[in-house]
Amino acid sequence: MTSNSPVSRPVPTVVVVGGGFAGLQAVKALGDKPVKVLLVDRNNYHLFQPLLYQVATAGLGPEDISYPLRAILRDRGNVAFRMAEVERVDLAAKKIVTGGGDIGYDYLVLAAGAETNFFGLETVAANAVGLKSLEDALALRNHILSMFEIASQETDPAVRREMLTFVVVGGGATGVESAGGLAELVHLVLTKDYPHLDFAETGLLLLEGGDRLLLSLPEELAAFAAAELARKQVAVRFHSQVVSFDGKALQLKDGTQIATRTLIWAAGVKAAQVTDTLGVAADRLGRAHVAPTLQLPGYPEVFVIGDAAYLEQNGLPLPMVAPVAVQQAELAAGNIARLLRGEQLAEFAYKDPGVLATIGRSSAVASVGRWRFAGAFAWLLWLAIHLIRLVGFRNRFVVTVNWAWDYFFYERAIRLILRL
Ligand SMILES: Cc1cc2nc3c(=O)[nH]c(=O)nc-3n(C[C@H](O)[C@H](O)[C@H](O)COP(=O)(O)OP(=O)(O)OC[C@H]3O[C@@H](n4cnc5c(N)ncnc54)[C@H](O)[C@@H]3O)c2cc1C
């Protein structure tokens, strides 16, 4: 080689852990950068978690809200995918450790999301169902439908009531949407399937530890949601903290006992377990503290984004929601490119697109900027935004058809009990 021949630099490898909202957006944004990208996820699909409750309440099938990662990445020349469980991150050795071997990186984007937080309540973790994965949603669908099958053959009214009482814990968007979806499944659909069951024996409860629903929305919208749930025969109880659940009865902190076979836990999440292995400063939910550039302090080549990251803006922690994850992914990908060009990095500034939650057919609440909506218009907004955000034309089409079918015929097409 002569001294003035061009020097070819090796192309740096960016490993992205997690193909959820943040990881997938990071991979897309890195697609036109001079890097090799390896996406690693334990699942071979991207999951649209906001519609998980509809899988649990038999409105949609699992394949309608998920999409194979390899199909999404097919035409991206610089991106590869590996399905693997990441056991830990070795920051010093710049590698991730997976069940299938170690993978080295030049840059790491950790976007491993969150998992259900049972707040150390062991009996609840053992007997309640969370709503964080397709497995959770399918287990819940099977369980709810099975309760009706078994109850329809049960002769003891007390046992029947226990089977037909469904309790949702957590008054955030997931809890409200699950309770509303469940109420419609029970009172609009299953009443037709079980004409001989006495539906006065069913009970739907939403328990919230605080004194209002939907903390991320203005109080008047929360009150609207509570009234709508009451109209759907969901009993909303505030100041109700669950302390244990043995599969047949739950106990509240104030000593109240509620006989039920079903506890749907929508009371909170914490950062995915692999985030702990970073061994860095974290908040009480295990989210890694990141700099405004989204880098891990002391490790400029490592970015943590989405639900796994903790960053404050205007003195408040950023919420664990999809728009934060997507916007952080854009910034992290841009900052990797800036590092490669030797430029100054940009800092994250969240642009809040608004908050929505649906309570069921023709009913939702929305807060967008200074605007507040409650009722049918908010519901149409909710439908449109969820359809736009779903990945894949097929999924949007199938979900639209399912929703229309459900709306006009009061049917839930997917009420199958599977032997999993
Ligand atoms: C039921 C429910 C409803 C929601 N509704 C809304 C809503 O209406 N609007 C909204 O904005 N937000 C909503 N959210 C929150 C939103 O889904 C999250 O904020 C968002 O998914 C965060 O994106 P993320 O990429 O950080 O994590 P995720 O989307 O959770 O992706 C994390 C990925 O990492 C993978 N992973 C995790 N650990 C490992 C490991 N050790 N090895 C390999 N892979 C791993 C997972 O398989 C997953 O694919 C909801 C969440 C839930 C659970």
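Taken over segment 263-371, the ratio of Cα radius of gyration to 2.2 N^0.38 Å equals 1.23.
One Cα centroid belongs to segment 345-370, the other to segment 142-186; the line between them spans 29 Å.
Expressed as a whole percent, the accessible surface of segment 284-396 that belongs to carbon and sulfur atoms is 59, based on a 1.4 Å probe.
Find the centroid of the Cα atoms in segment 194-212 and in segment 217-273, then give the distance between the two in whole Å. That distance is 11 Å. Rounded to the nearest 5, the antiparallel percentage of DSSP beta bridges internal to the chain is 50%.
Largest mean-square fluctuation among Val89, Val11, Val167, in a Gaussian network model of the chain whose springs join Cα atoms under 10 Å apart, belongs to Val11. Could you please state, rounded to a whole Å, how far the C-alpha centre of segment 375-403 is from the C-alpha centre of segment 19-94? Value for the Cα centre distance between the two parts: 21 Å.
Of the solvent-accessible surface of segment 131-271, computed with a 1.4 Å probe over protein heavy atoms with every protein chain present, carbon and sulfur atoms account for 51 percent.
Rounded to the nearest 10 degrees, what's the angle between the helix 393-409 long axis and the longest principal axis of the chain, both from Cα atoms, 0 to 90? For helix 393-409, the angle is close to 10 degrees.
Restricting attention to segment 1-127, close to 45% of DSSP beta bridges with both partner residues there are antiparallel. DSSP loop GluC sites (Glu not before Pro) in segment 1-94 with at most 16 other Cβ atoms within 10 Å of their Cβ, which ones? Counting only loop positions with at most 16 other Cβ atoms within 10 Å, the GluC sites (Glu not before Pro) in segment 1-94 are Glu85. Per residue of the chain, the DSSP helices (runs of n ≥ 4 H) give a summed -39500 (n - 2.57) that works out to -9500 deg cm²/dmol at 222 nm. Rolling a 1.4 Å probe over the protein heavy atoms gives the chain an accessible area of 46 Å² per residue.
Ranking Gly210, Ala291, Ala200 by Cα position along the charge dipole of segment 190-297, where only Lys, Arg, Asp and Glu carry charges on their C-beta atoms, puts Ala291 farthest toward the positive end.
When the chain is treated as a GNM with alpha-carbon contacts under 10 Å, the residue of Ala249, Ala22, Ala266 showing the greatest mean-square fluctuation is Ala249.
Checking the Cα-Cα distances for Lys232/Lys253; Lys192/Lys232; Lys36/Lys94 against a 20 Å cut-off, the pairs over it are Lys232/Lys253. Using DSSP loop states and a limit of at most 15 other Cβ atoms within 10 Å to flag trypsin sites (Lys or Arg not before Pro), what is the longest stretch of the chain containing no flagged site? Longest site-free region, per DSSP loop and neighbour criteria: 75-211.
The values are calculated or read from the model by the stated rules, or taken from the named source; none is laboratory data. As the structure is a computational prediction, the values presented were derived from the model and not from experiment. Note: ideal-geometry Cβ built from the backbone for every residue, glycine included; neighbour counts use all protein chains shown. Areas reflect the complete protein model, heavy atoms only, side chains present, ligands, DNA and RNA absent. Shrake-Rupley method; radii C 1.70, N 1.55, O 1.52, S 1.80 Å.
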